[in-house]
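Working notes, beginning with the structure itself.
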Amino acid sequence: MTAELGHFALILAFLVAVVQMVVPLIGAHRRWPGWMAMAEPAATAQFLLTGFAFGALMWAFITSDFSLRLVVLNSHSAKPMLYKISGTWGNHEGSMLLWVLIVTLFGAMAAWFGAGLPPTLKARVLAVQSAIAVAFFAFILFTSNPFIRLAVPPFDGQDLNPLLQDPGLAFHPPFLYLGYVGLSMAFSFAVAALIEGRVDAAWGRWVRPWTLAAWIFLTIGIALGSWWAYYELGWGGFWFWDPVENASFMPWLLAAALLHSAIVVEKREALKSWTILLAILAFGFSLIGTFIVRSGLLTSVHAFANDPERGVFILGILAFFTGGALTLYAARAQAMEAKGVFGMVSRESALVLNNILLAVSCFVVFFGTMWPMVAEMFFDRKLSVGAPFFNAAFTPFMVVLGLALPLGSVLPWKRGKLGRAAWSMRYAFGLAVAVTLLVWAMQTGRSALGPVGVFLGVWVTSGAMVDLWSRTGRKGNLGRLFRLPRADWGKAVAHSGLGVTIFAIAGLTAWEQEDIRVTQLGEPFEVGGFTLTLDKVERLAGPNYFATTGSVRLERDGRAIATLRPEKRDYPVARMPTTEAAIDYRIMRDVYVVLGDEQANGGWTVRTYIKPFANWIWAGCLMMALGGALSLSDRRFRVAAGARRAPTGGVPAE
């Protein structure tokens, strides 16, 4: 009965979404307050109904209701409770229900916290947001119904994909979807502004918190996915340029560009047209990511579905929203006349450069991701575009961005002097050069990648600190430093996080050590100054798997450091093996051990990596997310705060 109630709630939410899509738009056009006001309770009702449907599906997974086809295909009675819950979204149908739940959540939040928005703009934003929900409700109900019953329920289920039975992957999709779907709010604001024919500084202030929230969630989601790939797949890498990884990375790049361009709209009423275009493209690339993951067009280790018919439906959604918004954008181009004028050397110009680099790097990733499909469809050639292409084509843009970021952040608005900005950064530049020379001297004869990455990382991080200190005045008032707005601190922390991530990626790539060998039990071997000994191998049983577990003693200079327990697991229900790496996490390095197969001579294959600064990658990502959260908490950038300054129209450029 619970499943039927969930299905009924989903149908009701769909009908409410249709009404919310149509009535407020007509009300805004006719200036009918009652019709416009209907959007707010409709948005709340839509969210509550969808939440009930999602809760009903989750309850079916928690209670192992094997009369539901989806539970049979993605759960098992012996599975740990965490993975029963995460199994709700660890499949195509459930993940799409989570997607539309988040769409309705953002729409409800716009209704709850958008009291200061002009009534017509608010009505149009909620109507556009509901139109997105309508499309995905239709997709779920007509192609991906999660509440289908089986006539003859089996005794037990077929289990969840073992690769997804991991804490990192349990929380990775919700954060990623909050980012993906969060960009729908920026899209809704852009389309609503195009319909109204007005984009001003107030609009820039309103759209920034939504974009910032989406970017924070995307950052956390991508970091969780990268961390999972690092320790779960057993390959020792943190990023593989997999199509699904790229699908989340592309909107992240465009969201970062949108954040910075919205600043120019808010402060200078410039770059209006470009900012609207970025808002459309950022959500468009979120839809492209959904298409990649669910169409079966491109294969991936963590794609959700392999169904061309569903892919065509999603392609239709992509074409309708992105194509329709771009058509409206072309028709309303004259209404987005820029007011702010700025010189070639100014903060506006630096932000334009930032936007160009981020947008072009996004399209480089898009080209590399989609080119194998294009080559096969139109040229009948099977190609593989892997890490060498992406590293060679993407890295130069990030190098230029890292070089320009500290200078651009200290340039004044409208017009500045490059020499003065460079002089203010002399200590940051000197520190970066000194650390680079030290590293170069220590690794003479090795790759230049490490020193270059160290320079960029130290330059970006120290530049962010100098920029923050410069805001305290010429005399450097320490008390004033702690009274600076949270947005200033957020900017410094986020930029520092980017610098830490750049440094860590370069250091790990340049200085990683790898060893693959066949070793006998009790036979020590040396890797990177560490002594490792495989003491024993045991056969153990887990809750829903059987494991071959090694016990590896890790020592250095005769001192015991840790005992690592790498595993090879076999999930009998899913009939799938997995590799569980054992990692000794430390601040400056990780020792990463993978147990391979038993050999004919009684030995075991063991793969060992020494990975310097690996944890700094995710620490840098968390710093970026923390910086975004600090900025989001600044009252100046909340929708209501912006609205109080100008409740009925635009605000003057600052």
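Data for the structure
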| read-out | value |
| --- | --- |
| Amide N of region 1-20 lying under 18 Å from the label point, which is placed 7 angstrom from the Cα of Ile62 along Cα→Cβ | 1-7 |
| Set of aspartates and glutamates with alpha-carbon distance to Lys267 below 19 Å, sequence-local pairs under 8 removed | Asp200, Glu337, Glu348, Asp467, Asp488, Asp634, Glu654 |
| Cα-projected label distance for Ala422 with Trp440, points at 7 Å along beta-carbon direction, nm | 1.8 |
| Point-to-point label distance, Phe142-Arg415, nm (Cα→Cβ direction, 7 Å offset) | 5.8 |
| Separation of alpha-carbon centers, region 41-102 and region 609-637, rounded to whole Å | 30 |
| Relative contact order computed over region 386-518 (Cα-Cα under 8 Å; 6+ residues apart), in percent | 27 |
| Order of Cys621, Cys362 - criterion: other Cβ atoms within 10 Å of each residue's Cβ, fewest first | Cys621, Cys362 |
| Shape call, the chain: gyration tensor on alpha carbons, a/c limit 1.5 | oblate |
| Trp32 versus Arg586: modelled label distance in nm, points set 7 Å from Cα along the beta carbon direction | 7.2 |
| Förster radius 30 Å - calculated FRET efficiency between Ile85 and Leu521, Cβ distance, rounded to 0.05 | 0.15 |
| FRET efficiency, Met373 to Ala115 (Cβ-Cβ, R0 60 Å, nearest 0.05) | 0.85 |
| Most positive-pole-ward Cα, Ala13, Asn161, Gly116, against dipole of region 1-161 from beta carbon charges | Gly116 |
| Ascending count of other beta-carbon atoms within 10 Å, so fewest first, for Glu555, Glu4, Glu269 | Glu4, Glu555, Glu269 |
| For Glu523, Glu266, order by how many other beta-carbon atoms lie within 10 Å, fewest first | Glu523, Glu266 |
| Relative contact order (%) - criterion: Cα under 8 Å, at least six apart; region: the chain | 13 |
| Among the listed pairs Lys272/Lys417; Lys382/Lys568; Lys272/Lys414; Lys414/Lys491; Lys272/Lys491, those beyond 27 Å (Cα-Cα) | Lys382/Lys568 |
| Under the span-like rule (Cα at least 20 Å along the axis, Kyte-Doolittle mean at least 1.6), DSSP H helices of the chain | 426-442 |
| Local net charge near Met425, Cβ-Cβ under 15 Å (Lys/Arg +1, Asp/Glu -1) | +4 |
| Sequence-distant aspartates and glutamates (8 or more away, or on other chains) whose Cα lies within less than 15 Å of Lys79 | Asp65, Asp156, Asp159, Asp166, Asp570 |
| Structure-based [θ]222 nm, the chain - -39500 (n - 2.57) summed over DSSP H runs of at least 4, per residue, nearest 500 | -21000 deg cm²/dmol |
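All of the numbers you see were taken from the coordinates with simple rules; none came from a lab. Please read all numbers here as calculations on a predicted model, not as lab measurements. Using ideal geometry, Cβ is built from the backbone for each residue, glycine included, and neighbour counts are taken over all protein chains shown.
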